[in-house]
């Protein structure tokens, strides 16, 4: 079968079933796969290096073309209740009820700081969480996806999406990969804004698929620039670094991992050998495994294993049940995986497991 036809046939085909550590119970979140509750409102902040689209609409539209600067803003997103969608899904009932463009980086920083205080019930500022999406995504869809992750996962964060210029097409993989390369300095700039200028106590990063490569490269640039200005480490500024289903060559991932471990308090690699899209990506790379679907043996052969503040979370067994949209979306859509991610973001989880692990 020609490779282009193979991509078209398999683009929406994912395998079901993931597994995760059973240590986390329902105490972390009241929502379950069968209980989403009433309609909800989530405010999502955005930074994008997409060009603004000429498409008419009631709120800012950004298309697949590349811009040479960041645009900022805030979207108020309405999520439907459990009678209109499944847990982990994005349905046509999602809507933007209010939108605001923020004209400058200082104004964006100020808005993030105010949000962190406004939404904290105990008086302690909430951390930010930057979401870096993967291949074949639109501006609107990734904003909806982040709102879904935060709502369904009960994540106590100020959500910030970095929307890079993906063309949102099954056959546009190479355009998207080039766009990810183009976006490295812009994501690095966002890291600077959020960690150094916004006043947020801490920032988490959640990268998915191709967004992992962009994230690792941007972190590398950010740490290099920080050292040049006298900053020796990002530890304490970046809390959890979630590397979900990375579409990154496993050998390249091995080279980037020490930098990631030095930058963040804790790093988690979420993997599934059943990931259909990463199987395609691996086939296009002549069988070279991707970090997100490498086997335990392939990871161990590269000396990628649980170590200090790094852990591997497999998503391959029957215990967790199905993942909405298949195993490539497991970390975004499955209730038990989202509980694991919520635990990674919680202070008490860091102080208990991660600090003890760092002493060994």
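The values are calculated or read from the model by the stated rules, or taken from the named source; none is laboratory data. Please read all numbers here as calculations on a predicted model, not as lab measurements. Neighbour counts run over all protein chains shown; Cβ positions are idealised from the backbone, glycine included.
Numbers below:
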read-out: Residue that is farthest from the chain's Cα centre (by Cα) [pool: residues in the range 231-245 that are modelled with pLDDT of 85 or more and not in a strand (DSSP E or B)]; value: 237
read-out: Of residues in the range 287-308 being closer than 24 Å to residue 263 by Cβ and not in a loop (DSSP other than H, G, I, E, B), the one nearest to the chain's Cα centre (by Cα); value: 290
read-out: Test: residue in the range 216-226 that is touching a strand residue (DSSP E or B) at 6+ places or on another chain (Cβ under 6 Å) and at pLDDT 95 or above; value: no
read-out: Residue check for residue 126: touching a helix residue (DSSP H, G or I) at 6+ places or on another chain (Cβ under 8 Å), part of a loop (DSSP other than H, G, I, E, B) and closer than 22 Å to residue 263 by Cα; value: yes
read-out: Filter pass, residue 37 being at positive phi and either in a loop (DSSP other than H, G, I, E, B) or without any contact (Cβ under 8 Å) to a residue 40 or more places away in the chain (or both); value: yes
read-out: Residue among 72, 108, 87 that is surrounded by 15 or more Cβ atoms within 10 Å (Cβ to Cβ) and free of Cβ contacts under 8 Å to residues at least 60 places away in the same chain; value: 72
read-out: Test: residue in the range 193-206 that is free of Cβ contacts under 8 Å to residues at least 60 places away in the same chain and closer than 30 Å to residue 98 by Cα; value: yes
read-out: Extreme residue, farthest from residue 277 (Cα to Cα), among residues of the range 194-213 that are at pLDDT 95 or above and assigned to a helix (DSSP H, G or I); value: 194
read-out: Conditions (1) crowded, with 20+ Cβ neighbours inside 10 Å; (2) touching a helix residue (DSSP H, G or I) at 6+ places or on another chain (Cβ under 9 Å); (3) closer than 30 Å to residue 346 by Cβ; number of the one not met by residue 165; value: (3)
read-out: Candidates 111, 47, 121, 107, filtered to the one that is closer than 23 Å to residue 152 by Cα and either at pLDDT 95 or above or touching a strand residue (DSSP E or B) at 6+ places or on another chain (Cβ under 9 Å) (or both); value: 47
read-out: Yes/no for residue 177 being at pLDDT 95 or above, crowded, with 24+ Cβ neighbours inside 10 Å, part of a helix (DSSP H, G or I) and at negative phi; value: no
read-out: Some residue of the range 330-345 being assigned to a loop (DSSP other than H, G, I, E, B) and modelled with pLDDT under 85; value: no
read-out: Residue selected from the range 266-286 under the condition more than 17 Å from residue 320 (Cα to Cα) and assigned to a loop (DSSP other than H, G, I, E, B), by the criterion nearest to the chain's Cα centre (by Cα); value: 285
read-out: Within the range 90-105, tally of residues that are surrounded by fewer than 13 Cβ atoms within 10 Å (Cβ to Cβ) and part of a helix (DSSP H, G or I); value: 0
read-out: Qualifying residue in the range 309-327 (condition: closer than 30 Å to residue 151 by Cβ and part of a helix (DSSP H, G or I)); value: yes
read-out: Verdict on residue 149 being assigned to a strand (DSSP E or B), within 18 Å of residue 46 (Cα to Cα), in contact with a strand residue (DSSP E or B) (Cβ under 9 Å, 6 or more places away or on another chain) and touching a residue at least 60 places away in the same chain (Cβ under 8 Å); value: no
read-out: Number of the exception - residue 68 against (1) at pLDDT 95 or above; (2) touching a strand residue (DSSP E or B) at 6+ places or on another chain (Cβ under 7 Å); value: (2)
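Quick grid of which residues meet (1) surrounded by fewer than 24 Cβ atoms within 10 Å (Cβ to Cβ); (2) under 26 Å from residue 87 (Cα atoms); (3) under 15 Å from the mean Cα position of the chain (by Cα):
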| position | (1), (2), (3) |
| --- | --- |
| 158 | no, yes, yes |
| 170 | yes, yes, no |
| 173 | yes, no, no |
| 187 | no, no, yes |
| 191 | no, no, yes |
